[in-house]
Amino acid sequence: MNKYGVIYPGKWDLFVKELKDYSILEAFRQRFLYNHEWSSTKFYKRICNEINSGIEKFGVKNVEEYGAYLDKIENLFIIKNEGVHCKIKCNS
């Protein structure tokens with residue numbers, strides 16, 4: 001368990017990975033640039049397999065929660081491209 005103010009031994013902080021080497025980045029490319037469904041990405045399949053094996057990922061415990069998590073990511077992408085849409089009519 002991580003605790004604030006604790007100094008951990010070892011060289012864990014020296015591990016550097018290129019951004020391009022993260023599998024989630026490739027999943028984002030496939031979803032947002034090429035319009036593939038999440039379920040067709042290797043990343044999605046791997047995460048679902050891990051969740052189904054009992055490993056908690058991204059704070060979710062089942063595939064349904066993972067789908068809701070991805071919906072939130074989709075909403076951020078929509079906001080980035082289209083802005084925020086007001087659901088109520090504003091009086092002027």
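Between amide H atoms placed 1.01 Å from N, distances below 5 Å from H36 occur with R31, all of them 5 or more places distant or on a separate chain.
Taking the Cα centre of the chain as the origin, how large is its charge dipole in debye, to the nearest 20, when only Lys and Arg (+1) and Asp and Glu (-1) carry charge on their Cβ atoms?
140
Please sort by residue number the trypsin sites (Lys or Arg not before Pro) in segment 1-41 whose DSSP state is loop and whose Cβ has at most 10 other Cβ atoms within 10 Å.
When the trypsin sites (Lys or Arg not before Pro) of segment 1-41 are filtered for loop state and at most 10 Cβ neighbours within 10 Å, K3, K11, K17 remain.
Rounded to the nearest 500, the helix-only mean residue ellipticity at 222 nm of the chain stands at -12500 deg cm²/dmol, with each DSSP H run of n ≥ 4 adding -39,500 (n - 2.57).
Among the listed options (i) 10.5; (ii) 4.9; (iii) 9.0, the one matching mean projected area of the Cα convex hull in nm² as calculated from these coordinates is (i).
FRET efficiency for the pair W12 and E50, taken as 1/(1 + (r/R0)^6) with r the Cβ-Cβ distance and R0 = 30 Å, rounds to 0.90. Largest mean-square fluctuation among L25, L70, L33, in a Gaussian network model of the chain whose springs join Cα atoms under 10 Å apart, belongs to L33. Counting lysine pairs in segment 19-81 whose alpha carbons fall under 23 angstrom apart, excluding pairs fewer than 8 residues apart on the same chain, gives 14.
How much length would be gained if the chain were fully extended between L33 and K20, taking 0.36 nm per residue of separation minus their Cα-Cα distance, in nm to one decimal?
Result for the pair: 3.2 nm of gain on full extension.
Would you mind checking the tilt of helix 63-82 against the longest principal axis of the Cα atoms of the chain, expressed as 0 to 90 degrees and rounded to 10? For helix 63-82, the angle is close to 60 degrees. Comparing N75, V16, I51 along the charge dipole axis of the chain, the residue lying farthest to the positive side is V16, per the Cβ-charge model. Residues in segment 43-57 carry Karplus couplings, in order, of 4, 4, 4, 5, 5, 4, 4, 5, 4, 5, 8, x, 8, 6, 10 Hz; the curve used is 6.51 cos²θ - 1.76 cosθ + 1.60 with θ = phi - 60°, and Gly or Pro positions show x.
All of the numbers you see were taken from the coordinates with simple rules; none came from a lab. In this text, all values refer to a predicted model and were calculated from it rather than measured experimentally. Counting neighbours? That spans all protein chains shown, and the Cβs are built from the backbone with ideal geometry, glycine included.
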